[in-house]
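Working notes, beginning with the structure itself.
The values are calculated or read from the model by the stated rules, or taken from the named source; none is laboratory data. The model shown is predicted, which means the values in this text are computed figures rather than measured ones. All Cβ positions, even for glycine, are placed from backbone atoms using ideal geometry, and neighbour counts span all protein chains on display.
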Amino acid sequence: MQQDYKLKHGKPYPSGSKFNDKGVNFSIFSRHAEQVELLLFASAESDEPFQIIPLRKEINKTFFSWHVFVSKLPAGTWYTWRMDGPGHAREAGFRFEKDKQLLDPWAQAISHKRWNRKAACVPGDNGRTAMRCVVTDDRYDWEGDTALAIRSEKAIVYELHVGGFTRHSSSNVAHPGTFSGLIEKIPYLQKLGITHVELLPIMAFDEQDVPNKTAEMGLKNYWGYSTHSFFSPHPGYCVTPEQGTHVQEFRDLVKALHKAGMGVIMDVVFNHTAEAGANGPVINFRGIGGKTFYHLDKKDKSILRDYTGCGNTVNANHPLVARFIISCLEYWVREMHVDGFRFDLASAMARGENGEVLQDPPVLWGIELSEQLIKTKLIAEAWDAAGLYQVGSFPGYRWAEWNGRYRDIIRQFVRGDKGILAELATRISGSSDLYEHQGRLPINSINFVTCHDGFTLYDLFSYNEKHNEANGEDNRDGCSNNLSYNCGIEGGTSNVNILELRKKQAKNVFSILLLSQGVPMLLAGDEILHSQQGNNNCYCQDNELSWIDWTMATKNADMLRFVQQMIALRKRHPSIMRRRFLTGIIPEGENIADVTWHGSEINKPLWSDSEARILAFTLTGIEENEADLHIIMNMSDENSIIQIPQLPGKKWRVAIDTSRQSPHDIIPPKEQKSLNERFYTVNNKTIVVLENNEF
């Protein structure tokens, strides 16, 4: 490869590097650059480029695109860009630095092995510490694979971290912490019963993007909410990234999950990038066209507006940036067969070029209306870090939302808060108050109680306060309003009664979550009672504090069984997975409503009782031979005798009683026994579910 390859003018489209049998076409956007160079390297480890290609405006620039075709250049060639322009006019929004090597924003594979973030933050040549891109060969045998078409009402989402899922020594996989390692755990996911994995960010991110004190402690960015290369899988999750196998390894994962009947949802971060604030590193966008890509102060464009808490905000509704985002999403669906996306701080993408909140943001509608994305699941974290909160009002109709109000009310109810039964009923019925008036559906609500950001489920009932000292920020980071309850002792304990209560509370949460209308989302590890020792912000903890300890699957096998059976119960009851809202009205010609609400007595819900902590309801089956359900939730401190409705010709059987020991806490239909009494004693902090199956 140590030769000068012959050049042609090249074409402006497509952007990035495009390989064919005749060579490679390179194209990159920069409206204001005045000098552009392409640097070619033999490997990701090469100290110097073997060829530097200066581009000429008169032959290598079309409108705002710089391009060149390198004849006979093979796939596997590594490259970077250098650009120069009006770099001294920062107040005008420019940040050109002629000595900085830049990543191609459209690169499909990158190496960060030599990367030094600090060197990219200061003036000067960073050639030996810059990240590099590699030319990829897109050819791949999908074996007939296509994106899955699982209806949203039937979805059960499982949020996981690719690295942390298998990095623990107990995972017993060949390549821990990689896409390949996750493939080995697919049988576990199948047995659990989930339908979709939601992967924390797997687009290439900067692991060095943490506060200085945190970095000095040897910690790094673990979650991945610091993207710099939106078309490239993260090299840290690849087995052989130095060989440029990123695309193939991720495709192998998607194909394997699809073969197992599970969809792939990517957590994507288009609200900000790894280039941070005004003194952040020059990686790609800042050195190519930061004036276009970021929100800048109207008067002094050296100041970046920050609606994300991360130093910068992507100017998502600029026409060129919107096109970049939409084409990126289309790439992951078209070329990588991804089934959906969850958008981090999605409300930041609703802001116009001056930071104002737009009623109809072009980028969000462009995503919703894209023909290539028409069958793709779209999930918004419908708020940003500057106070914009859009749960129930996020622009568009297809977008589902992380329902933060659902999370909060379930946490409050299970810990024992009083007088919230009316809102509780609304939340578990699909949050019609948020969505119905817009013509939206229960499937617009992503119901969750825990996620990567916050306490794990076990910690939710083990800690009253966050314990984030290990992060190096003096416990200032992370949310302080956790709506948690430690069950009597903060943290670890040998008290058997408290340990049993914590486990029961975890079962209560899983029961409510999987009995609610809408789309349930589970946090990986909750099903085996994973703990982070009270740390509710493990963004920098790439260690055993965050990693899934697979010995817990044996230690807490009873909990794992409960969740498996709970998911199975949901799947056999279409009445829990309705596409339309419950009405409580008896239809003409029928003798029963879709839902009937109760308290301790039949048909007497305690809506106006400010002390009440008991709610019961009956769900009518909607398919032939589907059993009705009667659900009783007693989160009071006392046992209570609850009246049971009598349905002509049917007998109730106990399916769930979270106060019982395994395996009697949840019972499969064929093992259930008839309940002949008109009353049932529901223990304190307990959920009971009755089915009226006939066998």
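Just a few scattered comments:
- Within the set GLY472, GLY491, GLY419, the sole residue that is assigned by TED's automatic domain parsing to the domain that holds ALA524 and in contact with a Lys or Arg (Cβ under 6 Å, 6 or more places away or on another chain) turns out to be GLY472.
- Cβ-Cβ distances below 9 Å connect the following pairs, each with a first residue in region 103-120 that is surrounded by fewer than 18 Cβ atoms within 10 Å (Cβ to Cβ), a second residue that is not in a loop (DSSP other than H, G, I, E, B), and a separation of six or more residues or different chains: LYS113/ARG132; LYS113/PRO235; LYS113/PRO241; LYS113/GLU242; ARG114/ARG132.
- Any hit, region 588-597, residues being of a type outside the set (Lys, Arg) and either part of a helix (DSSP H, G or I) or within 30 Å of ASN172 (Cα to Cα) (or both): no
Residues are listed down the side, and each one gets a yes or a no for (1) outside the structural domain of PRO235 (by TED's automatic domain parsing); (2) farther than 30 Å from ASN212 by Cβ; (3) in contact with a helix residue (DSSP H, G or I) (Cβ under 7 Å, 6 or more places away or on another chain):
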position	(1), (2), (3)
ILE52	yes, yes, no
TRP66	yes, yes, yes
LYS72	yes, yes, no
ARG95	yes, no, yes
LYS98	yes, no, no
ARG114	yes, no, no
ARG139	yes, yes, no
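- Index of the failed condition, ILE586 passing every other in (1) modelled with pLDDT under 95; (2) aliphatic (A, V, I, L, M); (3) surrounded by 15 or more Cβ atoms within 10 Å (Cβ to Cβ): (3)
- Residue tally, condition surrounded by fewer than 24 Cβ atoms within 10 Å (Cβ to Cβ), touching an Asp or Glu at 6+ places or on another chain (Cβ under 8 Å) and among the charged types (D, E, K, R), over region 300-343: 4
- Candidates ARG570, ARG613, ARG580, filtered to the one that is more than 24 Å from TYR435 (Cα to Cα) and either surrounded by fewer than 21 Cβ atoms within 10 Å (Cβ to Cβ) or not assigned by TED's automatic domain parsing to the domain that holds ALA506 (or both): ARG613
- Considering region 247-291, the residues that are part of a helix (DSSP H, G or I) and in contact with a helix residue (DSSP H, G or I) (Cβ under 6 Å, 6 or more places away or on another chain) include one that is surrounded by the fewest Cβ atoms within 10 Å (Cβ to Cβ), namely ALA256.
- Subset tally (residues that are part of a helix (DSSP H, G or I) and either closer than 16 Å to GLU401 by Cβ or without any contact (Cβ under 8 Å) to a residue 24 or more places away in the chain (or both)) for region 328-363: 5
- For the residues ASP433, ASP474, ASP453, the requirement of being assigned to a helix (DSSP H, G or I) and not aliphatic (A, V, I, L, M) singles out ASP433.
- Residue in region 158-166 that is free of Cβ contacts under 8 Å to residues at least 60 places away in the same chain and not in a strand (DSSP E or B) present: no
- In region 215-237, the residue that is surrounded by the most Cβ atoms within 10 Å (Cβ to Cβ) out of those that are hydrophobic (A, V, I, L, M, F, W, C) and out of contact with any Cys (no Cβ under 8 Å at 6 or more places or on another chain) is ALA215.
- Of the residues screened, GLY366 is not one that is in the same structural domain as THR292 (by TED's automatic domain parsing), assigned to a loop (DSSP other than H, G, I, E, B) and of a type outside the set (S, T, N, Q).
- Region 34-47, subset out of contact with any helix residue (DSSP H, G or I) (no Cβ under 8 Å at 6 or more places or on another chain) and in a strand (DSSP E or B), residue surrounded by the most Cβ atoms within 10 Å (Cβ to Cβ): LEU38
- ILE632 vs. criteria without any contact (Cβ under 8 Å) to a residue 60 or more places away in the chain, under 26 Å from LEU421 (Cβ atoms), not small (Gly, Ala, Ser) and not in a strand (DSSP E or B): no
- Qualifying residue in region 327-346 (condition: in contact with a strand residue (DSSP E or B) (Cβ under 8 Å, 6 or more places away or on another chain) and within 27 Å of GLU91 (Cβ to Cβ)): no
- Residues that are under 33 Å from the mean Cα position of the chain (by Cα), outside any strand (DSSP E or B) and under 25 Å from HIS246 (Cα atoms) do not occur anywhere in region 48-69.
- Scanning region 387-405 for residues that are in contact with a Ser or Thr (Cβ under 8 Å, 6 or more places away or on another chain) and either aliphatic (A, V, I, L, M) or not assigned by TED's automatic domain parsing to the domain that holds VAL333 (or both) yields LEU388, ALA400.
- Scope region 70-83; condition under 35 Å from the mean Cα position of the chain (by Cα) and not β-branched (Val, Ile, Thr); matching residues: ALA75, GLY76, TRP78, TYR79, TRP81, ARG82, MET83
- Any pair with Cβ under 9 angstrom, 6 or more apart, that starts in region 578-607 at a residue that is free of Cβ contacts under 8 Å to residues at least 60 places away in the same chain and ends at one that is basic (Lys, Arg): ASP594/ARG578; HIS598/LYS604
- Positions within region 456-487 being touching an Asp or Glu at 6+ places or on another chain (Cβ under 9 Å) and closer than 21 Å to ASN543 by Cβ, in sequence order: THR456, LEU457, TYR458, SER462, TYR463, LYS466, HIS467, ASN468, ASN471, GLY472, ASN475, GLY478
- Exactly one residue among ARG579, ARG502, ARG561, ARG570 is basic (Lys, Arg) and within 21 Å of ASP408 (Cβ to Cβ), and that residue is ARG502.
- Scoring LYS507 on the criteria (1) surrounded by fewer than 22 Cβ atoms within 10 Å (Cβ to Cβ); (2) closer than 27 Å to LEU192 by Cα; (3) among the basic types (Lys, Arg) leaves a single failure, condition (1).
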